[in-house]
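Reading through the structure tokens given below for one structure.
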Amino acid sequence: MSRAQQPQDKVPAILQDVSPLSARYPVWFCDIWGVVHNGVKADQAACAALIRHRENGGIVIFITNSPRPTPALITQLDGLKVPRKSWDAIVTSGDVTREVIRARAGARVFHLGPEKDAHLREGLPVTFTGEEDAELILCSGPYDDLSESPEDYRGMLRALAARNLDLVCANPDLKVQHGDRIIPCGGALAAIYAQEGGRVIMAGKPHPPIYEACLRKARDAAGRNVDKSEIMAIGDGLATDILGARDFGIAALYIATGIHHEELLKGGVAAIMELIERTAPGVNLAGIMERLVWKENGEGK
């Protein structure tokens with residue numbers, strides 16, 4: 001029997017305040033898009049909660065499947081009014097992707113993605129070329145994620161897969177919230193590539209390399225060893241944030257106002273729990289929140 005089928009008193013309530021989790025988990029690996037901002041503007045209550053956690057002695061490492069390298073991401077966060085004092089360090093899927101591409105020095109690489117992700121290409125020891133001459137594919141998402149569907153790329157991806165080219169996916173997310181819309185990401189293109197028989201190399205969540213990089217950043221920020229029992233991942237993506245937390249052996253706080261908010265509205269917490277158990281059975285779930293809010297002393301209301 002799933003939790004969604006259990007009596008109502010067995011279904012966990014949505015937490016209203018993250019402050020009790022601050023001391024229990026001094027290190028937070030916090031997703032950005034869907035928790036800290038929605039692609040259009042920052043969630044100031046979430047930012048305030050992260051600042052309070054740091055003032056409480058905690059550490060915040062932003063972990064994101066953004067294909068942007070960290071310097072370019074910081075510029076984006078500044079534009080969205082995300083305070084710099086809300087985080088200690090950042091690790092992006094773009095950072096990890098660049099290391100994967102760097103290891104293929106001398107290769108001819110086709111970049112499948114929008115020009116806004118051009119920072120991903122800068123300074124790498126490879127030659128970027130068209131798809132016809134490529135030996136490797138760097139995928140960061142659709143050219144126009146506001147108007148195109150992943151299926152628009154199936155023909156291209158089928159032809160590339162037939163050439164046995166590796167595809168390095170800089171953003172494993174299938175979709176993200178953009179304002180009041182849900183838009184496709186690089187992971188959706190990678191999924192089609194895999195369906196067509198192509199080999200996909202994932203750089204970001206839920207795969208271990210990005211979590212290992214975050215753990216190194218956390219240890220640097222703390223100036224000491226950090227045990228996994230001290231870490232809580234925060235995110236709205238079940239197949240990325242929550243599954244990644246489970247596989248890395250850390251606790252997870254699920255934010256239900258992101259890409260699965262519709263399920264919460266329709267089925268309540270029971271529906272969310274069923275999704276969590278289906279996607280990441282056995283995850284150490286620290287709680288579920290609609291938004292990341294710190295309400296100690298009445299704040300965050």
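Taking the listed residues Ala271, Ala191, Ala280, Ala251, the one that is surrounded by 15 or more Cβ atoms within 10 Å (Cβ to Cβ) and under 24 Å from Ser19 (Cα atoms) is Ala251, with no other qualifying.
Looking at Leu138, Leu80, Leu120, Leu167, just one residue is closer than 27 Å to Gly235 by Cβ, modelled with pLDDT under 95 and out of contact with any Asp or Glu (no Cβ under 8 Å at 6 or more places or on another chain), and that residue is Leu120.
From the list Ile201, Ile183, Ile192, the one residue that fits, being over 13 Å from the mean Cα position of the chain (by Cα) and either among the basic types (Lys, Arg) or under 13 Å from Trp33 (Cβ atoms) (or both), is Ile183.
Please enumerate the residues belonging to the stretch 123-156 that are among the hydrophobic types (A, V, I, L, M, F, W, C) and either closer than 12 Å to Gly186 by Cβ or outside any helix (DSSP H, G or I) (or both). Write out each step before concluding.
Start the filter on the stretch 123-156 by keeping residues that are among the hydrophobic types (A, V, I, L, M, F, W, C), which leaves 124, 126, 128, 134, 136-139, 146, 156.
Passing the criteria: Leu124, Val126, Phe128, Ala134, Leu136, Ile137, Leu138, Cys139, Leu146.
In the stretch 144-159, of all residues being loosely packed, with under 14 Cβ neighbours inside 10 Å and touching a strand residue (DSSP E or B) at 6+ places or on another chain (Cβ under 9 Å), the one that is modelled with the lowest pLDDT corresponds to Leu146.
The values are calculated or read from the model by the stated rules, or taken from the named source; none is laboratory data. Everything numeric in this text was worked out from a predicted model, so none of it was measured. All Cβ positions, even for glycine, are placed from backbone atoms using ideal geometry, and neighbour counts span all protein chains on display.
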